[in-house]
Amino acid sequence: MPIIEVRDLDLHYGKHHALKKIRMDIEERSIVALIGPSGCGKSTYLRTLNRMNDMIAGVTISGQVKISGVDIYQTEIGTELLRRNVGMVFQQPNPFPKSIYDNVAYGPRLHGITKRSTLDEIVETSLKKGALWDEVKDMLKKPAYGLSGGQQQRLCIARALSINPEILLMDEPTSALDPISTAKIEELLGELQKSYTIVIVTHNMQQAARISQSTGFFLNGELVEYDRTSSIYQNPVDKRTEDYISGRFG
């Protein structure tokens with residue numbers, strides 16, 4: 001059974017129909033890339049998977065989003081519990097104005113973990129998962145803002161992983177980074193996929209081709225095509241997909 005099942009998902013911002021009858025199954029421990037021009041709905045769709053659109057005034061949502069068999073819009077599941085299971089990394093690195101250690105320990109503390117030895121273990125494990133431990137292990141008490149942009153983004157990934165989610169949502173996580181930092185994040189995603197399901201929005205079509213097993217192409221709020229990445233890139237079914245991938249628009 002897919003870990004994420006989306007059926008007939010519609011979303012309106014007031015009168016604007018931003019997502020139209022989206023249907024998508026996402027397999028466990030896979031990387032799914034969402035591509036399409038700016039304003040096509042891909043980031044809006046990503047935020048429906050952990051109910052972040054709930055915080056926007058005037059949003060109405062219908063349809064079904066099931067995670068591990070549970071419809072996250074129809075049950076009494078709280079958003080705090082949902083977001084513990086579905087982590088999020090944003091476009092701009094957004095470390096808290098705290099130390100490196102306290103950034104990673106923030107989530108576990110929020111969920112009631114206070115024992116120092118346990119927190120130490122979580123921080124070390126999470127930073128290792130974020131491929132950052134070797135670079136920061138001797139400076140954990142220093143401010144996170146002192147890190148480079150690429151390091152800050154890996155810190156944000158480590159922070160998201162510190163509460164043991166099953167799913168990691170990433171909204172253009174490398175768009176603000178240099179090529180070397182981008183390569184490190186892409187290599188990291190390949191490792192994380194062994195333990196997590198990753199859904200990533202990217203404007204970089206080469207990146208989608210490099211890192212993902214499946215790709216969804218969004219246009220004007222529609223999921224035009226969703227298939228294995230190799231099929232999307234080599235043999236797209238829809239002419240609009242072919243036009244976008246070949247650079248005719250977007």
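Some notes on this structure:
- With respect to the conditions (1) under 30 Å from ASP134 (Cβ atoms); (2) surrounded by 15 or more Cβ atoms within 10 Å (Cβ to Cβ), LEU49 lacks only one, and its number is (1).
- Set LEU177, LEU188, LEU219: member being under 14 Å from the mean Cα position of the chain (by Cα), crowded, with 17+ Cβ neighbours inside 10 Å and either closer than 27 Å to LEU81 by Cα or not β-branched (Val, Ile, Thr) (or both): LEU188
- Filter pass, LYS128 being farther than 22 Å from ALA183 by Cα and at pLDDT 95 or above: no
- Any pair with Cβ under 7 angstrom, 6 or more apart, that starts in the stretch 148-171 at a residue that is in contact (Cβ under 8 Å) with a residue 60 or more places away in the chain and ends at one that is polar (S, T, N, Q) and in a strand (DSSP E or B): GLU166/THR197; ILE167/THR197
- Looking at the stretch 1-93, the strands (runs of 3 or more DSSP E) lying wholly inside it that each contain 1 or more residues that are modelled with pLDDT of 95 or more and within 25 Å of PHE249 (Cβ to Cβ) sit at 4-13, 16-26, 31-35.
- The helices (runs of 4 or more DSSP H) falling completely within the stretch 97-195 that include 1 or more residues that are out of contact with any helix residue (DSSP H, G or I) (no Cβ under 9 Å at 6 or more places or on another chain) map to 116-129, 179-192.
- Where ASP238 falls short, out of the listed (1) more than 19 Å from the chain's Cα centre (by Cα); (2) surrounded by fewer than 17 Cβ atoms within 10 Å (Cβ to Cβ); (3) over 23 Å from GLU5 (Cβ atoms); (4) at pLDDT 95 or above: (3)
- Residue count, the stretch 97-125 (criterion: acidic (Asp, Glu) and at pLDDT below 95): 0
The values are calculated or read from the model by the stated rules, or taken from the named source; none is laboratory data. Bear in mind the structure is a predicted one, so any value in this text is a computation, not a measurement. For neighbour counting, all protein chains shown are included, and Cβ atoms are generated from backbone atoms with ideal geometry for every residue, glycine included.
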